[in-house]
Amino acid sequence: MIEVMDDPTSRTTATYDRIARAFDAHNRRTEGFLAFRQRFAEAVRGLVADLGCGPGHDAAWFQEQGLPVVGVDRSIEMARLAVGRGVPAVLGDLRRPPIALGSLAGLWSSAALLHVPAGETEPTLRAWSAALRPGGLLGLSTSAGDGEAWEPVPYDAEFSRWFVHRDPGTLLATLESTGFQVIEHEMSTTQRTWLSVLARRCQV
């Protein structure tokens, strides 16, 4: 299938290829996010996929905790940075993870679903549910709000990324309808408002 560069996902991927090293240097984590990541790691026993792994900070940390992990990213430059951190990483689309069905104990996705067009939310979450084994854990952090639009990169305004801000109630309901049981969710605000969710794939 030929992808058109005006497609938000393709253009955003191209931006990440160009800004990968600058993005890596600007990457920061809040205390609240680190605590959320810790709770996810403590609850998982087995293989974790980090979808939209970027330069591999979270995936490398999961490895330090003794968790087997694979990173997945559409950006080849981001995947290279992840590999440079010792993370096994593959090129792939988080909307259709290149992961065997039912093979994951945990699925982690931080600040990545926010680049998926709103109309693709439900099929993406269904694909995530299918990749998890029954009882597998999802750790999701994404932008909360309303609407979707191009946003310039703060430290390089020559490039833009497509951002989707999801209504928390609607996203939580979609998780429930796509095979997840929500365990906890919380909101936090930094440069934008974040919704962080822990959810389990329902037992079949």
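The values are calculated or read from the model by the stated rules, or taken from the named source; none is laboratory data. On a predicted model such as this, the values are computed, not experimentally measured, just so you know. Neighbour counts run over all protein chains shown; Cβ positions are idealised from the backbone, glycine included.
Tabulated data for the structure shown
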| item | result |
| --- | --- |
| Per-region count, the stretch 96-106, residues outside any strand (DSSP E or B), in contact (Cβ under 8 Å) with a residue 40 or more places away in the chain and either within 15 Å of Leu175 (Cβ to Cβ) or of a type outside the set (S, T, N, Q) (or both) | 2 |
| Val48 in contact with a Phe, Trp or Tyr (Cβ under 8 Å, 6 or more places away or on another chain) and closer than 28 Å to Arg18 by Cα | yes |
| Residue that is surrounded by the fewest Cβ atoms within 10 Å (Cβ to Cβ) [pool: residues in the stretch 107-131 that are aliphatic (A, V, I, L, M) and not in a helix (DSSP H, G or I)] | Ala111 |
| Answer from Gly102, Gly86, Gly66, Gly52 - the residue that is crowded, with 17+ Cβ neighbours inside 10 Å, modelled with pLDDT of 95 or more and at positive phi | Gly52 |
| Failed item, numbered, when Leu67 is tested on (1) touching a helix residue (DSSP H, G or I) at 6+ places or on another chain (Cβ under 8 Å); (2) assigned to a loop (DSSP other than H, G, I, E, B); (3) closer than 24 Å to Pro8 by Cβ; (4) not charged (D, E, K, R) | (3) |
| Tally of residues being hydrophobic (A, V, I, L, M, F, W, C) and touching a Leu at 6+ places or on another chain (Cβ under 6 Å) across the stretch 130-169 | 7 |
| Top-ranked residue of the stretch 25-44 - restricted to ones that are of a type outside the set (Lys, Arg) and not in a helix (DSSP H, G or I), ranked as surrounded by the most Cβ atoms within 10 Å (Cβ to Cβ) | Val44 |
| Restricting the stretch 12-64 to residues that are touching a helix residue (DSSP H, G or I) at 6+ places or on another chain (Cβ under 8 Å) and aliphatic (A, V, I, L, M), the residue that is farthest from Ser160 (Cα to Cα) | Ala41 |
